[in-house]
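Beneath this line is the structure, given in structure tokens, with notes to follow.
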Amino acid sequence: MSEDSISHSNIITIERHILDGQLVHPEATGALTNLLYDLALAGKVIASKTTRAGLAEILGRTGDVNVQGEQVLKLDRFADLTVQRLTDHTGRLAGLASEENAEFIPIPDKYPKGKYLLVYDPLDGSSNVDFNMPVGTIFGIYKRTREDGEVTEDEFLQPGRNLVASGYIAYGTSTMLVYTTGHGVHGFTLDPSVGEFLLSHPDIRIPSPPKYFSVNIGYELFWSRGVRAYTEFLQGREGGVKGLSLRYIGTLVSDFHRNLLAGGVFYYPADTKDPNTPTGKLRLLYEAAPLAFIAEQAGGGASDGRGRILDIRPESLHQRTPLFIGDRALVEKVEELIRKHD
Ligand code: AFP
């Protein structure tokens with residue numbers, strides 16, 4: 001951003017924005033504020049690597065396989081460790097759960113412990129890294145369900161409606177951080193010349209009418225009748241909505257972000273292509289619930305095709321879910337068609 005395009009009095013850094021949010025809560029200790037700021041810092045560090053991902057020292061696989069059975073890229077590991085190392089010693093967290101690790105990570109004994117739990121997908125869309133495509137980080141923050149004592153796995157298994165805050169960082173043509181604490185959705189763009197996230201998209205609302213639908217249509221053969229009927233509706237067949245354009249990147253953060261700003265719906269339904277994952281590919285805790293909180297705060301919706309994502313209580317850390325997210329009316333429509341056909 002140049003001096004021509006923005007006057008100094010209009011510059012709102014992410015730090016100031018988060019702090020202003022805290023002022024309306026006199027009881028706040030500042031822990032959440034600082035935790036969000038830690039995550040913004042992690043985003044900056046990860047962004048500095050994603051822009052160099054084509055370089056030899058980063059590109060390439062570690063050879064390990066993560067808990068989802070996917071090959072771990074070096075950048076995944078870097079992003080995972082960056083979030084962990086910037087948040088585990090601050091006394092704000094009691095534990096972290098990452099998509100990259102089979103078990104949750106309690107805060108080591110040598111560090112003070114706090115009342116928050118962090119869930120995150122360190123590098124969403126990592127299979128796109130090799131092709132210079134956008135990737136992202138998704139996070140959600142819950143409060144512990146117990147006052148003290150060792151943190152246990154069941155404390156992480158909370159429905160998304162308990163989220164205190166959630167957000168994502170999109171590493172694209174620019175780096176953006178979008179977050180909510182339940183008071184609207186706000187977007188910040190990283191200005192690389194000053195190394196700071198600046199408020200660029202205050203009070204984001206999903207625009208209407210919708211413009212896009214986003215789905216991997218290559219899997220259509222593996223979908224239920226209800227999901228196929230929904231797709232036909234989005235394609236404008238038999239009284240469906242006319243004029244939607246199809247856009248699919250294959251990085252949830254990027255597909256979601258575009259539809260949040262332009263209007264539309266993203267879905268990754270349950271399918272029968274992999275008998276091990278009959279409930280779809282995306283993870284409830286690390287991906288679906290944090291983005292559902294944002295979608296609802298922006299006036300949209302998020303469903304697993306039968307009910308609200310934020311009402312689902314996970315039974316395990318890495319539970320997968322079908323996801324339909326974005327424009328509220330389009331999300332309601334899929335529930336109607338699934339009820340009718342499936
Ligand atoms: P990767 O992290 O393995 O690239 O997966 C990305 C993702 O979890 C999500 O970001 C995409 O929306 C979805 O998977 C894409 O999956 P398909 O390649 O099956 O369409």
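Mind listing whichever residues of the range 27-44 are open to solvent by less than 40 Å² (accessible area, probe 1.4 Å), assigned to a helix (DSSP H, G or I) and either without any contact (Cβ under 8 Å) to a residue 24 or more places away in the chain or of a type in the set (S, T, N, Q) (or both)? Across the range 27-44, the qualifying residue is only THR33.
Considering only the range 229-243, how many residues are open to solvent by 30 Å² or more (accessible area, probe 1.4 Å), in contact with a helix residue (DSSP H, G or I) (Cβ under 7 Å, 6 or more places away or on another chain) and either within 16 Å of the ligand (Cβ to nearest atom) or in a loop (DSSP other than H, G, I, E, B) (or both)?
Taking the range 229-243 and keeping what is open to solvent by 30 Å² or more (accessible area, probe 1.4 Å), we get 232-233, 235, 237-239, 241-243.
Now restrict to residues that are in contact with a helix residue (DSSP H, G or I) (Cβ under 7 Å, 6 or more places away or on another chain): 233, 238, 241.
Within this subset, residues satisfying the condition of being either within 16 Å of the ligand (Cβ to nearest atom) or in a loop (DSSP other than H, G, I, E, B) (or both) are 238, 241.
Counting residues in the range 229-243 that are open to solvent by 30 Å² or more (accessible area, probe 1.4 Å), in contact with a helix residue (DSSP H, G or I) (Cβ under 7 Å, 6 or more places away or on another chain) and either within 16 Å of the ligand (Cβ to nearest atom) or in a loop (DSSP other than H, G, I, E, B) (or both) gives 2.
For ARG283, all conditions in the list (1) free of Cβ contacts under 8 Å to residues at least 24 places away in the same chain; (2) open to solvent by less than 40 Å² (accessible area, probe 1.4 Å); (3) among the charged types (D, E, K, R) hold save one; what is the number of the exception? Against the list (1) free of Cβ contacts under 8 Å to residues at least 24 places away in the same chain; (2) open to solvent by less than 40 Å² (accessible area, probe 1.4 Å); (3) among the charged types (D, E, K, R), ARG283 comes up short only on (1). If you go through the range 261-272 and pick out every residue that is out of contact with any Phe, Trp or Tyr (no Cβ under 7 Å at 6 or more places or on another chain), more than 20 Å from LYS340 (Cβ to Cβ) and either of a type in the set (S, T, N, Q) or within 14 Å of the ligand (Cβ to nearest atom) (or both), you end up with 1. Look at (1) under 21 Å from ILE309 (Cα atoms); (2) away from the ligand (no atom under 13 Å from the Cβ) and you find that ASP203 fails only one, number (1).
Answer yes or no as to whether VAL119 is within 16 Å of the ligand (Cβ to nearest atom), farther than 16 Å from GLU287 by Cβ and open to solvent by less than 30 Å² (accessible area, probe 1.4 Å).
Details: within 16 Å of the ligand (Cβ to nearest atom): yes; farther than 16 Å from GLU287 by Cβ: no; open to solvent by less than 30 Å² (accessible area, probe 1.4 Å): yes.
No; evaluated as a whole, the condition is false for this residue.
Annotation: of all residues in the range 258-275 being open to solvent by 50 Å² or more (accessible area, probe 1.4 Å) and in contact (Cβ under 8 Å) with a residue 40 or more places away in the chain, the one that is nearest to LEU163 (Cα to Cα) is LEU261.
Going by what's in this entry, would LEU284 be described as in contact with a Pro (Cβ under 8 Å, 6 or more places away or on another chain), more than 16 Å from the ligand (Cβ to nearest atom) and closer than 20 Å to GLY167 by Cβ? No, not satisfied. For THR251, the conditions (1) within 15 Å of the ligand (Cβ to nearest atom); (2) out of contact with any Pro (no Cβ under 6 Å at 6 or more places or on another chain); (3) not aliphatic (A, V, I, L, M) all hold with the exception of (2). Here is the figure for the range 86-101: residues that are open to solvent by 40 Å² or more (accessible area, probe 1.4 Å), in contact (Cβ under 8 Å) with a residue 40 or more places away in the chain and under 18 Å from THR137 (Cα atoms) total 1. In the range 241-254, the residues that are within 17 Å of VAL331 (Cα to Cα) form Cβ pairs under 6 Å with partners that are near the ligand (Cβ under 8 Å from one of its atoms), at six or more places apart or across chains, as follows: LEU252/ASP124; LEU252/GLU287.
Looking across the range 122-151, the residues that are more than 16 Å from the ligand (Cβ to nearest atom) and surrounded by fewer than 15 Cβ atoms within 10 Å (Cβ to Cβ) come down to THR145, ARG146, GLU147, ASP148, GLY149, GLU150. Scanning the range 290-305 for residues that are open to solvent by 30 Å² or more (accessible area, probe 1.4 Å) and touching a Ser or Thr at 6+ places or on another chain (Cβ under 8 Å) gives GLN297, ASP304. Whenever a residue of the range 196-210 is closer than 13 Å to LEU330 by Cα, its partners that are open to solvent by 100 Å² or more (accessible area, probe 1.4 Å), lying with C-beta atoms within less than 8 angstrom and at least six residues away or across chains, give the pairs ILE206/ARG328. In the range 159-185, what residues are open to solvent by less than 10 Å² (accessible area, probe 1.4 Å) and of a type in the set (S, T, N, Q)? Across the range 159-185, the qualifying residues are SER166, THR180. If you go through the range 306-328 and keep only what is without any contact (Cβ under 8 Å) to a residue 40 or more places away in the chain and either open to solvent by less than 10 Å² (accessible area, probe 1.4 Å) or more than 15 Å from GLY160 (Cα to Cα) (or both), you end up with just ARG306. Only a single item in (1) modelled with pLDDT of 95 or more; (2) more than 18 Å from PHE256 (Cα to Cα); (3) within 16 Å of the ligand (Cβ to nearest atom) is not met by THR279, and it is number (1).
The values are calculated or read from the model by the stated rules, or taken from the named source; none is laboratory data. Only a predicted model underlies this, so the values are computations on that prediction, with no experimental measurement involved. All Cβ positions, even for glycine, are placed from backbone atoms using ideal geometry, and neighbour counts span all protein chains on display. SASA here: full protein model, heavy atoms, side chains in, ligands and nucleic acids out. Shrake-Rupley method; radii C 1.70, N 1.55, O 1.52, S 1.80 Å.
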